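Colleague: One structure coming up, written as structure tokens, with questions to follow.
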Amino acid sequence: MRAPAARGSPRISLRRPTDAALAGWLARQGDARASFEAPLPDVAPAGFDLDSCRLELGAGPAVFAAARDALRRWAHCDTGWLGIAPRAAPPAPGLSFAMLVRLGGVWFANACRVRSVFDEPGSTGYEHVTLPDHAECGVERFEVRAERDGRVVFEIRAVSRPARWWVAAGRPLVRAAQARFRRDSPAALLRAVRATLAARGES
């Protein structure tokens, strides 16, 4: 397993960075090598944390279609304290983007790259990996899946470790933020699904 040490650093500011500033910052990532290149493991490698969560969104093709659309427009990141830039483009292989996190009144912009996208009749989603300008080293997978009984579920799986000494020093706070994300992200996707179904008169 190859997980080279990151050489850059996340962008940190007291105000949310503008999209223009983030575009320039992401452009400087260029062809930077991902800081985690191995497949998403089933067992956490030494020094890494493996996390997962799952939420049932409803049942039936309409729910699956609404969830697929919501995932493609990054609705799972509409938590109030998290953001994505650029937001206009859906997840696509090779897309570099900033994951914005606001903690304690401070904005942290972490560089990520979409590694793969899958879109099948009963399963849709994507994986992204960390780039050198990220506080963590790891990979994360987001999937909307239709089960055989018709239930539609949203699942997140991730493996990560600190890529900075100050992240390791504040690990309890970081782990609390990650746990909060595993609560808030599925809830955000569920809200988007319900809003789409209501607008279509399918709720």
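Please treat every number below as a calculation from the coordinates, not as lab data. Because the structure is predicted, anything quoted here is derived from the model rather than measured.
Colleague: What relative contact order, as a whole-number percentage, does the chain give when Cα pairs under 8 Å and 6 or more residues apart are counted?
Modeller: 28
Colleague: To continue, here is another question. Looking only at 109, 98, 192, which one moves most when the chain is put into a Gaussian network model with springs between Cα atoms under 10 Å?
Modeller: Between 109, 98, 192, it is 192 that shows the largest mean-square fluctuation.
Colleague: Right, next: Out of residues 5 or more away from residue 116 or on other chains, whose amide H comes under 5 Å of its own, with H placed 1.01 Å from N in the peptide plane?
Modeller: 127
Colleague: Under the rule a/c < 1.5 gives rounded, and otherwise a/b versus b/c splits prolate from oblate, where does the range 58-121 land using the Cα gyration tensor?
Modeller: oblate
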